[in-house]
Amino acid sequence: MTPHAKGDCDLAQRFVDQELTPEDRVRCIGRLGHDDAFRRRVLALEQLALAATTVPRPVLSRDFVAGVLRRIESKPSVWRRVADAVWQPRPLRWNLVGATAAAVALLVAGGVVSRMVDRRETATTVVAGAAGTTPVLVRLVVLRPDARRVEVAGDFNGWNPAQTPLEQLANGAWTVTLPLEPGRYNYMFVVDGTTWVDDPFAPEQADDGFGSRNAVLDVRPPTGGVM
Amino acid sequence: MAMGPSDDVALVRAAQCGDRDAFGALVALHGPAVLSVTTRMLGQGGEAEDVAQEAFVAAYRGLATFQFEAKFSTWLYRIAVNKCTDALRARRTSTVSLDAHDDETDGWEPADDETPHFELEQAELAGALDRALAALPPIYREAFVLKHVEGLGYDEMSAVLGVPRDTLKMRVYKARTKLCHALSHLQGAYR
């Protein structure tokens, strides 16, 4: 390739990236007007870039989100846990009171530590609560960017969606925080007052006897504030 | 990923506090883009989805380290690309070096008289491009995919791949040239 042709190629590439200087823009526009080969090269690159925006996009399988959540909840190997503990960087924020408290806690904690670790791994949707008190706060999230209204109906509200509307977040997610006593609850979301949908994030689902599946929420008693 | 960084903040913070549903929402929001990258890098099939899920699991396990210095989507892309690289290494069937940095080679420059013009309809062209992408060496494929399929700018690509901006521009240039060359060999693609 001649230096001239190589410069043309570079000019065409920068045209597609919209990274031309004002001088190069003038030069490029001139070339587009009278140089058929250059024009066709630019056109081919532009068509390629356009085609890239329309390549068939894969669709998430229905089980994708639930699959990720199942993997997260599966207990990692001992080696993995050790490696994470050793290598995972963490931000450290020191203060005297906190350090003293941590030192005292280390002295008295002993075998309690292993129990706390086990509890943390089994927690699911409990986001707040204190031992010995009810209710437990549980947050539900569902993605429905096109919805005008989302409600939830379940065992906790007599299957009356009007009692429990969700609040819309900026990104198309809808959320509600429910105070629930420990127990198992079936529920479904209701979109725009007419469409009943299950919760794709639910770790467990149950047949509702009518051909659909309810999400199952397993609210466990809070255990010492460890989430 | 069309979402801005502020859109993710609340969900990421909730997920960092152990809110499993918030992380599920992040998976649902960003899953299509992550799966798009893994599919382009690894091909259609179960492996792409498996690696995409692995990327999210890795993100979850490293969530405590995410400090909002970059967009959450940028961070996710980086994890996904690294997972794809691991998967491609594990295949050990390709003779292409994943670490090749032959950006200075000149073998893909078009001939002076090569002035292609597409005759395929746009939808056909997209399908042909999808197939041609699979034949690109991984470092060029990932650069092209992030730039043109996912629509990232060079600065964000640099953050994702940890490669200088100018190097990435050259990789994209090479990828585009190579793809034009590959498509020109399809019957009826060019005249």
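Read the figures in this text as sums done on the coordinates, not as results from a lab. Just so we're clear, the structure is a prediction, and the values are computed from it rather than from any experiment. Glycine gets a Cβ as well: all are built from the backbone with ideal geometry, and neighbour counts include every protein chain shown.
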Using a 10 Å cut-off on Cβ to Cβ distances, tally the other chain neighbours for every residue of B:28-36 and report the average as a whole number. 5
What number results when the radius of gyration of the range B:122-184, computed over Cα atoms, is divided by 2.2 N^0.38 Å? 1.09
How many Cβ atoms of partner chains, on average, are near each residue of A:56-67 if near means within 10 Å of its Cβ? 6
For the range B:5-91, what is the charge dipole size about the Cα centre, in debye to the nearest 20, if Lys and Arg each add +1 at the Cβ and Asp and Glu each add -1 at the Cβ? 240
Net charge, B:Thr39 excluded, C-beta distance under 12 Å - Lys, Arg +1, Asp, Glu -1: -2
To the nearest whole number, what is the average tally of beta carbon atoms from other chains within 10 Å of the beta carbons of peptide B:51-57? 5
Distribution output for the range B:5-91: share of Cα-Cα pairs per 10 Å bin in percent, first bin at 0, values 18, 52, 25, 5
If Lys and Arg each add +1 and Asp and Glu each add -1, what is the summed charge of the other residues whose beta carbon sits under 11 Å from the beta carbon of B:Ala134? +2
Volume per residue (Å³) of the convex hull spanned by the alpha carbons of the range A:3-53 is 69
Summed over the other residues with a beta carbon less than 10 angstrom from that of A:Arg139, with K and R at +1 and D and E at -1, the charge totals -1
